[in-house]
1. Identify all residues within the range 21-47 that are more than 23 Å from H135 (Cβ to Cβ) and in a loop (DSSP other than H, G, I, E, B); write none if there are none.
2. With touching a residue at least 12 places away in the same chain (Cβ under 8 Å) and in contact with an Asp or Glu (Cβ under 8 Å, 6 or more places away or on another chain) as the only criterion, which of G127, G151 stands out?
3. Given the conditions (1) under 20 Å from the mean Cα position of the chain (by Cα); (2) modelled with pLDDT under 95; (3) of a type in the set (K, R), report the number of the one that R73 does not fulfil.
4. Answer yes or no: is there a residue in the range 76-88 that is of a type outside the set (D, E, K, R), modelled with pLDDT under 95 and at positive phi.
5. How many of the residues in the range 87-116 are open to solvent by less than 10 Å² (accessible area, probe 1.4 Å) and part of a loop (DSSP other than H, G, I, E, B)?
6. Take the conditions under 14 Å from the mean Cα position of the chain (by Cα) and part of a helix (DSSP H, G or I) and apply them to F121. Does it pass?
7. Step by step: first the residues of the range 252-268, then only those that are open to solvent by 10 Å² or more (accessible area, probe 1.4 Å) and in contact with a Lys or Arg (Cβ under 9 Å, 6 or more places away or on another chain), then the one that is farthest from C129 (Cα to Cα). Which residue is that?
8. Would you mind finding the one in G231, G199 that is open to solvent by 10 Å² or more (accessible area, probe 1.4 Å), in a loop (DSSP other than H, G, I, E, B) and over 30 Å from A145 (Cβ atoms)?
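The values are calculated or read from the model by the stated rules, or taken from the named source; none is laboratory data. What you are looking at is a predicted structure, and each value in this text was computed from that prediction instead of being measured. Quick reminder, even Gly has a Cβ in these numbers, built from the backbone with ideal geometry, and neighbours come from all protein chains shown. Each accessible area value is taken on the protein alone, full model and side chains, heavy atoms only, with ligands, DNA and RNA left out. Shrake-Rupley method; radii C 1.70, N 1.55, O 1.52, S 1.80 Å.
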Amino acid sequence: MSAENPVPTSTSEQAPNSPATADVEAWAERYICSTELGHKLAPPTPPKVFRAAATPLRVIEPGRPPELRVARRGERTPKQEALEAPRYRARTLHAFWHHELQAAELMCWAILAFPEAEPEFRRGLLGICLDEIRHMNLYAEHIRALGSRLGDFGVRDWFWKRVPSCSSPLEFVAVMGMGLEAANLEHAPNFAARFRLAGDEAGALIQERIAAEEVAHVGFATRWFGRWTGGCDFERWASHLPPPLSPWVMHGSPLADEARRRAGMSEEFLRQLAAYVPEPKGVPARPESA
């Protein structure tokens, strides 16, 4: 499923003991709050109906399966030499797997937080959520092929600490789609090249596939941003990033210009994004993948 054709169907098998839910909102809330790893990887097929006259619900934090532990301070992305070892490649993919999990959960968060948004927009969020779950399973399968398993490495809820500060659907697409997901248009191909250099062609192809599919997600966000604001203006976009977020953490280097153009970002937007430099004080580090 892609954001271009957001019909709510699932590509995953139903998790054991997962009862059916009455509407998409109940499905989304259960997905966020579940503490079962099997449910995160393979939720039941979502219902086809949204709740009538739903009230906003802002989930504060996600459920976390006991298999997952918080990463220790100081755990860094492995250097190229370390990626020669399967365990370090698995650790890198484990971080990316957790980014996809957070993205899936946060699409559900937005469905619940913004019931007043257009039905087409909310159906698109559900479609993207199912894409992210499929990406999670691609990563999980290769992590197993590398001799590791989910939970062998620590995770950080970096996205959850930031995205729920969004107060509107406009801020959500600015942060999640045009920001964090767009940054993966740079990070995923970069790591694909690093995996290929380490001799892991299968791992490289997975990351290239996910990067290609993220273009539709970024395009979904860019279109809605333009629809709600009248265009894809860089300064307007930057103004809708809740502090302390800024354009600085929303891209890798060099920019994936062609992929971003396909996602609807203009030449002027890309020029300003590439040229953006934050104030020197308190410049945050960029996350290495979204």
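1. Hits for the range 21-47 are A22, D23.
2. Testing whether each residue is touching a residue at least 12 places away in the same chain (Cβ under 8 Å) and in contact with an Asp or Glu (Cβ under 8 Å, 6 or more places away or on another chain) leaves just G151.
3. Of (1) under 20 Å from the mean Cα position of the chain (by Cα); (2) modelled with pLDDT under 95; (3) of a type in the set (K, R), only one is false for R73: (1).
4. No, the range 76-88 has no match at all.
5. Residues flagged as open to solvent by less than 10 Å² (accessible area, probe 1.4 Å) and part of a loop (DSSP other than H, G, I, E, B) within the range 87-116 amount to 1.
6. No.
7. The extreme case among them is E267.
8. Answer to the selection: G231.
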